[in-house]
1. Show which aspartates and glutamates lie in cross-link reach of Lys179 when reach means a straight Cα distance below 15 angstrom and same-chain residues fewer than eight apart are skipped.
2. Are there any trypsin sites (Lys or Arg not before Pro) in the stretch 34-67 that are in a DSSP loop and have at most 11 other Cβ atoms within 10 Å? List them by number.
3. Mind ranking 29-36, 167-174 by how tightly packed they are, going by the mean number of other C-beta atoms within 10 angstrom, highest first?
4. Could you order peptides 184-193, 147-156, 98-107, 123-132 by the average number of other Cβ atoms within 10 Å of their residues, highest first?
5. What length, rounded to one decimal in nm, is gained on full extension from Lys8 through to Asn39, with 0.36 nm per residue of separation minus their alpha-carbon distance?
6. Going highest first, how would you order 81-87, 160-166 by mean Cβ packing within 10 Å?
7. If each residue of separation counts as 0.36 nm, what is the full-extension length gain between Lys53 and Arg196 once their alpha-carbon separation is subtracted?
8. Kirkwood hydrodynamic radius of the chain from all distinct Cα pairs, in Å?
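What follows is calculated from the coordinates using simple rules that are stated; it is not laboratory data. Just so we're clear, the structure is a prediction, and the values are computed from it rather than from any experiment. FYI the Cβ positions are ideal-geometry reconstructions off the backbone, even for glycines, and counts take in every protein chain you see.
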Amino acid sequence: MIKQLIIKFFNVLNTLRIRLSPDYYRLLFWLKGVSFGKNMRILGKISIVNLGKITIGENFLMTSGNSVNPICSNIQGCFYTEPGARITIGDNVGMSSTRMWIKESLTIGCNVKIGGNVLLIDTDCHPMDYEVRRFSNEGTKSSPIKIEDDVWIGAHCIVLKGVTIGARSIIGAGSVVTKSIPADCIAPGNPAKVIRHI
């Protein structure tokens, strides 16, 4: 009896959390200077550090942590822009526990699907010169990432600086994308390589 009441209590709390989550994130995004379109939904906990500019289109969906997707449970989604950086996300984009660390720019087109636990990072994060790296992050290289319309990126992928993924392409799960991928193809692997056109 007591166990059932406790379970019911936590189910009610969870339902309230899910229903209030979109309003919480709309307020948080607004406070952090993020522009967003209609029907934005965030399920689960995410982190936002916006020192640049983030613009999100309509019908955006992000699941994070233990919210929905079992592939990336316990992984928190993150938006991180360094000063002057830009993240631009088109309409009808869905992602699960995606982590974005952007020094320059990230552009995601419309109708893009990004699988669980994907990392999008347009910077080396640290200088290649070990002597400089000991004392500072000055001179760290970066280059924009562009993901065109209708791309599907499988779970557990890493997309690195300077990459463009062409429209309608599919990146296989677990891939590391180090070079640009043309439109209309399938590219899995580490490093990701085109295996066929679609």
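1. Partners within reach: Asp122, Asp124, Glu148.
2. Values: sites: Lys38, Arg41, Lys45, Lys53; in loops: Lys38, Lys45.
Here the sparse-neighbourhood loop sites are Lys38.
3. Details: 29-36: 14.8, 167-174: 19.2.
Put in order of decreasing packing, that is 167-174, 29-36.
4. Working: 184-193: 17.0, 147-156: 20.0, 98-107: 21.7, 123-132: 12.7.
The most tightly packed comes first, giving 98-107, 147-156, 184-193, 123-132.
5. On the way: separation 31, 0.36 × 31 = 11.16 nm, distance 2.93 nm.
Taking 0.36 nm per residue and subtracting the Cα distance, the gain is 8.2 nm.
6. Values: 81-87: 17.3, 160-166: 19.9.
Order by mean packing, descending: 160-166, 81-87.
7. 47.9 nm
8. Numbers: mean 1/r = 0.0565 Å⁻¹.
Result for the chain stands at 17.7 Å.
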